[in-house]
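Here's the structure, in structure tokens; my notes come after.
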Amino acid sequence: MNEFRILGPVEVLVEGRPVGLGAPKQRAVLAKLLLERGAAVSRDQLVAAVWGDGPPESAAAALQVYVHGLRRALGAERIERHGSGYRVRLAEGELDLDRFEGLIARAERALAAGDADDAAADVQAALELWRGPALADLADEPVGAAEAGPLEDSRLRALELRNEARLALGEHSALVGELERLIADEPYRERLREQYVLALYRSGRQKEALEAYHVARRMLADELGLEPGKELRELERAILRQDASLASPEPRRPATRRLPAPATPLIGRRLEVAAVAALLRSGEVRFVTLTGSGGTGKTRLAIAAAEELSPQLRDGAVFVDLSPVRDPALIVPTVAQTLGVREGGVSLADALADYLRERRILLVLDNLEQLLDGVTAISALLAAAPRLLVLATSREPLRLYGEHRYVVPPLTAPGPDEARSVDALAANDAVQLFLTRARAVAPGFSLTEANGPPVAEICRRLDGLPLAIELAAARTDVLPPVAMAHELGASLDVLTEGARDLPPRHQTLRATIDWSHELLAEPEQAFFARLGVLAGGWTLAAAAAVCDESRGASKTTLASLIAKNLVRSEGDWDGEPRYAMLETIGEYSRERLRASSAPEEPARRHADFFLELAAEVDRTVRAGGVDPVPLLDRIEREHDNLRAALDHLHGQEDVSRELRLASALQYFWVVRGYHSEGRARLDQALSRERPDDP
């Protein structure tokens with residue numbers, strides 16, 4: 001879903017990525033259109049929003065330029081002409097202000113119905129949509145000056161509603177300090193004063209409560225010449241007679257919290273935990289699936305997000321381990337067993353639905369990738385229990401209605417600049433993870449100028465995969481980082497021992513990837529192995545060529561491998577999609593290819609494909625009449641594949657084709673500055689030339 005944001009700086013996200021919106025006045029045009037929620041806005045209204053009461057003579061022309069800029073950034077269909085004005089097309093839920101108001105309305109209904117838990121959760125989700133003052137980047141523009149105030153008032157009313165819900169939940173003591181800070185910022189809001197007086201009284205501080213009332217009364221009289229409102233006056237009288245209606249509510253029962261306690265702390269992942277928790281708090285998302293390659297840390301992230309959310313849910317969070325389950329029909333029984341639900345006069349599925357129906361609870365369903373045929377049971381539970389939240393982990397998305405997929409990325413490995421500084425390396429999450437685990441087996445291990453670069457290289461070589469880094473760090477007692485970095489460059493076999501109490505698939509890196517590989521159908525396994533000859537990313541045409549499949553079949557298989565997180569989509573280049581694998585998975589793919597019955601055939605097809613590509617580009621460039629830059633850019637993108645093809649041909653002593661490929665690359669090597677490499681490649685090929693070879 002795309003997001004349009006005005007509760008903070010004006011911002012638009014498309015597929016999670018921010019869109020450049022231009023100068024402040026162009027953003028002011030968008031802000032005014034968004035504030036009208038898709039209604040038509042006249043040209044005069046837009047001019048006033050951008051320039052105020054004294055617009056320049058060129059305002060109308062400039063407005064057209066700004067609208068054109070917004071159409072270019074957002075898509076022409078987003079900004080529609082309407083008479084002499086414009087309107088922005090918004091889908092339901094795209095504008096953060098709409099989501100905010102929807103959550104607040106739902107919280108008000110919940111509080112009126114006596115459900116303070118749901119009210120507190122909804123209003124908290126609404127407040128988390130704010131990223132600073134409304135229209136923060138347009139404070140000096142007329143639209144910001146005119147519209148920010150009412151929006152800020154909405155935020156303050158939401159804070160008052162949250163306080164109301166927390167008072168109903170018996171959180172008066174914890175609320176006192178927060179109300180003092182709010183009153184310091186907003187001294188004239190009587191509702192905050194009422195809540196503060198009541199919180200003090202319920203905390204057993206009657207004298208301070210009455211004094212707080214008199215402070216408010218003096219401030220209102222001295223500074224505004226007003227008497228306190230009716231509600232505040234009646235609250236004082238109720239306190240004086242110790243009215244029973246002011247008594248504290250019964251404290252709520254502790255939430256269920258059945259989450260595993262990991263033996264080691266979670267390193268990094270602060271942003272990911274916050275993002276996943278915010279999704280499930282939003283009120284718009286009830287079902288999130290964490291996906292990613294084996295070893296990315298999906299389970300740990302799920303547990304951490306559940307820890308974050310559990311205190312805010314009336315019935316807490318429960319972890320359901322599905323890793324040992326192989327029969328999809330056992331999903332419901334396993335969940336029921338974990339929750340202590342038993343079959344009675346109704347089916348187990350109905351009994352589980354009845355148990356969950358009125359509970360505000362988070363179910364963490366771990367390891368669902370081998371149970372895809374049975375995951376519709378999750379949809380049935382969500383439909384039966386309107387307050388249920390589900391956080392699932394799987395190597396691939398479950399493809400259920402309402403599912404929100406969150407791809408868990410590897411940790412960010414240190415870049416070359418970080419590797420030059422011990423302090424910079426120590427701050428990197430991947431390196432921190434390595435150090436923490438290394439010290440578990442070698443307590444004296446520390447980061448130094450000598451071992452820092454190889455530790456950085458290890459983390460890069462392992463693509464920042466947490467499991468792989470942990471497995472590598474566990475060998476530091478027998479293999480120093482310098483030697484380990486060298487060994488990792490040659491084979492995955494160095495990572496042979498994992499903790500005995502981990503699941504078998506996590507005990508070695510190979511076993512981790514084996515887990516995903518064994519879930520593939522045989523044709524997919526063969527296709528995956530052949531992809532191992534590709535290097536540095538590839539196109540659909542290249543995959544089809546090396547795997548000896550049609551483009552249609554290759555596209556289908558690649559889509560399946562992407563869903564299973566064995567292949568990554570790298571986006572489009574000049575309208576052509578590109579794909580890649582994490583290095584560790586690519587190494588595994590190459591090992592599978594070497595173990596296959598015909599390991600040389602994909603490499604031969606790979607060399608043929610890229611020889612033809614290089615020759616075609618070379619012929620086109622030398623013929624002239626076209627811009628060579630896009631063609632050379634294409635060769636640049638395929639440089640790793642072309643190098644791999646040269647290596648293969650040299651290893652096969654296929655001198656003729658090696659020279660043909662090197663010759664086709666001469667122009668590219670010269671123009672793009674790969675002179676030394678080009679000379680070395682030509683020398684290498686010519687060194688094998690036989691006298692009888694034409």
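With a ≥ b ≥ c taken as the square roots of the eigenvalues of the C-alpha gyration tensor of the stretch 309-390, please select rounded if a/c is under 1.5 and otherwise prolate if a/b is larger than b/c or oblate if it is not?
Cα axes put the stretch 309-390 in the oblate bin.
What FRET efficiency, computed as 1/(1 + (r/R0)^6) with R0 = 41 Å and r the Cβ-Cβ distance, is obtained for residue 383 and residue 555, rounded to the nearest 0.05?
Taking R0 as 41 Å, the efficiency between residue 383 and residue 555 is 0.75.
How long is the gain from residue 424 to residue 76 if the chain were fully straight, where each residue apart is worth 0.36 nm and the alpha carbon distance is subtracted?
Going from the current span to full extension adds 120.9 nm.
Give the Debye-formula value of log10 I(q)/I(0) at each listed q (0.11, 0.19, 0.20 Å⁻¹), with one equal scatterer per alpha carbon of the stretch 172-280, two decimals each.
For the stretch 172-280 at q = 0.11, 0.19, 0.20 Å⁻¹, log10 I(q)/I(0) is -0.54, -0.95, -1.02.
Could I get the Rg over Rh figure for the stretch 416-494? Both from C-alpha atoms, Rh via Kirkwood, rounded to two places.
0.91
So, in Å, what gap is there between the alpha-carbon centers of the stretch 14-86 and the stretch 343-384?
47
Say R0 is 30 Å: what FRET efficiency, to the nearest 0.05, do residue 522 and residue 608 get from their beta-carbon distance?
0.75
Using the Karplus curve 6.51 cos²θ - 1.76 cosθ + 1.60 with θ = phi - 60°, work out ³J(HN,Hα) for each residue of the stretch 318-331 in order, rounded to whole Hz, and write x for Gly and Pro.
9, 9, 10, 8, 9, 4, x, 7, 10, 8, x, 5, 9, 4
Quickly estimate the mean residue ellipticity at 222 nm for the chain, helices only: each DSSP H run with n ≥ 4 gives -39500 (n - 2.57), and the total goes over all residues, rounded to 500.
For the chain, the value works out to -16500 deg cm²/dmol.
As an exercise, identify the trypsin sites (Lys or Arg not before Pro) in the stretch 1-71 lying in DSSP coil whose Cβ has no more than 14 other Cβ atoms within 10 Å.
Passing both the DSSP loop test and the Cβ count: 37.
Could you tell me what a quarter of the Cα convex hull surface of the stretch 96-254 works out to, in nm² with one decimal place?
Mean projected area for the stretch 96-254: 10.7 nm², to one decimal.
Return the loop-located GluC sites (Glu not before Pro) in the stretch 389-469 (DSSP other than H, G, I, E, B) with at most 13 other Cβ atoms within 10 Å of their own Cβ; answer none if there are none.
Passing sites in the stretch 389-469 are 449.
Evaluate the distance, in nm, between pseudo-label points positioned 7 Å from the Cα of residue 207 and of residue 146 along their respective Cα→Cβ axes.
5.4
What does the extension gain come out to for residue 342 and residue 401, with contour length at 0.36 nm per residue minus their alpha carbon separation?
18.5 nm
Considering just Cα atoms, how many Å³ per residue does the convex hull of the chain enclose?
234
What's the long-distance tail for the stretch 4-93, i.e. % of Cα pairs beyond 15 Å?
Tail of the P(r) past 15 Å holds 56 percent of the pairs.
Would you kindly calculate the translational diffusion coefficient of the stretch 73-147, applying Stokes-Einstein with the Kirkwood radius from alpha carbon pairs, for 10 °C and a viscosity of 1.306 mPa s, and quote it in µm² s⁻¹ without decimals?
Reported coefficient: 106 µm²/s.
Quick one: helix 628-637 against the long Cα principal axis of the chain, what's the angle to the nearest 10°, folded into 0 to 90?
80
If you take all C-alpha pairs in the stretch 106-147, what percent of them are over 12 Å apart?
For the stretch 106-147, the share of Cα pairs beyond 12 Å comes to 63 percent.
Leaving out ligands and nucleic acids, note down the accessible area per residue over the chain with a 1.4 angstrom probe, in whole Å².
In whole numbers, the chain has 46 Å² accessible per residue.
Take every DSSP beta bridge whose two residues both sit in the chain, then give the antiparallel share in percent to the nearest 5.
Counting only bridges with both partners in the chain, antiparallel ones make up about 45 percent.
So, R0 is 22 Å and r is the distance between the beta-carbons of residue 686 and residue 639; what FRET efficiency does that work out to, to 0.05?
With a Förster radius of 22 Å, E is 0.55.
Using Cα centres only, tell me the gap between the stretch 109-126 and the stretch 638-692 in whole Å.
69
Loop only per DSSP, at most 15 neighbouring Cβ atoms within 10 Å: give me the trypsin sites (Lys or Arg not before Pro) in the stretch 152-258, ordered by residue number.
Those satisfying the criteria are 241, 252.
Under the rule of at least 5 residues apart or a separate chain, name every residue whose amide H is placed under 5 Å from the amide H of residue 392.
Hits under the 5 Å cutoff: 288, 289, 290, 365.
Quick check: residue separation of residue 439 and residue 261 times 0.36 nm, minus the Cα distance between them. What number comes out in nm?
Result for the pair: 62.0 nm of gain on full extension.
The values are calculated or read from the model by the stated rules, or taken from the named source; none is laboratory data. Given the structure is predicted, the values throughout are model-derived calculations rather than measurements. Methodologically, a virtual Cβ is constructed for each residue, glycine included, from the backbone with ideal geometry; neighbour enumeration extends over all protein chains shown. The accessibility values were calculated without ligands, DNA or RNA, using every heavy atom of the protein model including side chains. Shrake-Rupley method; radii C 1.70, N 1.55, O 1.52, S 1.80 Å.
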